[in-house]
Amino acid sequence: MNMKEISKKLKKKAIDEGFSIAGIANIPGSSRINLRTKALDRWLENDFHSEMKWMEAEKRKNINLLLDDAKSVLAVGYNYLSEKNIKVNNFKIAKFSKGEDYHKLINKKLKNIGKWINSELPECKWKICVDSSPLLEKAWAEESGLGWIGKNSNLINKEYGSWISLGFMIFNTKFEADKPAKPQCGQCEKCIDKCPTKAITEPFVINSQLCIAYHTIENRDLNLPSKKFLKLKGSEIGKNAYQLLYFGQLKEGLALAKLAISLNPEDVNLWALLAEAQINNKLFDDALLSIEKGKLINPLVSELYFAEGSIYISQDKKQKAKKSLEQGLKIQPKNTNALFQYGNIFLMEKNYERALSKYNKIIEIKANFWQAINNKGLIYFEQDAIILAIDNFTKAIEIKKNAESMLALGVSLQDSDKKKSILLVKEALQKNPNYASFKFREEQLWGEKLQRATEKLFKLEELKKDISNTNLYKN
């Protein structure tokens, strides 16, 4: 039996059963499983699980206690964010609980997969685990490639966000494993900053006693926290809105942000969220009104000024943008995103020394802020410091293999290493065809010299096919 082929068929069967995503991990898994298990121990030792005593089950730390001679895990994700339940007219019931009980639904589908696998491999034994089974679920989902565990401790999939219910099958047969998912959060800590009760005590660690979801789902105590605490349901909806915005569901995110404000109009962070949602939907005048309402509640919330600055940048009101960013940075002087916006204003004004000063400050705070390193390269190219430009573009790529730095490096190398230059340009355009467009590069703040050098490189015979395939290039 070709296990590679049967593994493919197994995942296809899962998709055919209606699951959105499926992946396979081998047992005992990578070193990350061990790290997640130790993290669980520390979480339990700190009593962060509150009354959820079932989290202490030893089987959760040792998958072999669930099935003898366990060798593989099939992880599946069922997307519950349907057209029907995305409507925002009623949020008394959580989306995942609408419709048929997902435990029964997933269990039924996994049983069908079990019957199918036994028709292929009669000796294969399996066990189904759905939510209530003592399994380190998110860790094995991450190990199977379904998504990464975010700093809010939720599993996040690039396409579906966290809007997925998980199911698992443990087998005593070794199937071909998928690559574990790579963490994608990077330096982002919005979930920590925006958690209304500060339940995320550090990245990946949730104190259940402070968590709204715990008290509204798991807490069996009749003496629930105060009304003031439960009023934060608006903030809980706000967190969902942030995720929708992150994954590009802009209209839905805006609708949720509006609902959150209607439930808790005294929360200044929700006004900042609404402003962000309005900015993403290009409703700049509405966003400015939301920012002003937020300032009336608390004028010392830096996000309000940063959002205001981004609006003025988009409207090419640079002086107003600077003033807003300065006010925000007085409150939060180490906000790298705001410093980056400020640096970009100086870059637009061709005030290269002040732009470099802002970018260097960012790198002092966060050494792997690749965008600041990349933009230093843009400046050095305009100053004819090509070696420094090459060095910075290279560093940016080492941190994140991004299309912009790859193309800029390819352009910088065209006179010294033509072969490498062409390979980089081809790969960059494959990653993001938009960089074939002069206007798009201009929006990314590429200077005149780099633009001319790029246009010159694009005329090479070796690149004509790559350029024409983008359908974006114009002389």
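The values are calculated or read from the model by the stated rules, or taken from the named source; none is laboratory data. What you see is a predicted model; the values in this text were computed from it and never measured. Virtual Cβ from ideal backbone geometry, glycine too; neighbours counted across all protein chains shown. Side chains included, ligands, DNA and RNA excluded: accessible areas come from the protein's heavy atoms. Shrake-Rupley method; radii C 1.70, N 1.55, O 1.52, S 1.80 Å.
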- Message: Using Cα-Cα distances under 8 Å and only pairs 6 or more residues apart, what relative contact order does segment 114-214 have, in percent?
- Response: 28
- Query: Once a ≥ b ≥ c are taken as the square roots of the eigenvalues of the Cα gyration tensor of segment 392-475, is the result rounded (a/c under 1.5), prolate (a/b larger than b/c) or oblate (a/b not larger than b/c)?
  - Reply: rounded
- Among rounded, prolate and oblate, which fits segment 365-437 when a ≥ b ≥ c are the square roots of the eigenvalues of its C-alpha gyration tensor, a/c under 1.5 means rounded, and a/b larger than b/c means prolate? oblate
- Note on the structure: Mean accessible area per residue over the chain (1.4 angstrom probe, all protein chains present, square angstrom) is 52
- All other residues with a Cβ under 14 Å from the Cβ of residue 12 taken together, and with Lys, Arg as +1 and Asp, Glu as -1, what is their net charge? 0
- Message: With just the Cα atoms defining each centre, how far is segment 255-303 from segment 396-417? Give it in Å.
- Response: 39
- Ellipticity estimate at 222 nm from DSSP helix runs (n ≥ 4, -39,500 (n - 2.57)) divided over the chain, nearest 500: -16000 deg cm²/dmol
- What lysines sit close enough to residue 318 to cross-link, taking a C-alpha to C-alpha distance under 24 Å and skipping anything fewer than 8 places away on the same chain? 282, 293, 295, 330, 334, 350, 358, 361, 376, 439, 449
- May I ask you to list the aspartates and glutamates whose Cα is less than 14 Å away from that of residue 179, ignoring any residue fewer than eight positions away on the same chain? 142, 143
- Query: If you roll a 1.4 Å probe over the chain with all protein chains in place, what percent of the accessible area is carbon or sulfur?
  - Reply: 51
- Query: Of 104/198; 38/194; 12/71, which ones are farther than 25 Å apart at the Cα?
  - Reply: 104/198; 38/194
- Note on the structure: Reviewing (i) 16; (ii) 26; (iii) 66, the figure for percent of Cα pairs over 43 Å apart actually calculated from this model sits under (ii)
- Task: Order these peptides, 452-460, 24-32, by their mean beta-carbon neighbour count within 10 angstrom, highest first.
- Result: 24-32, 452-460
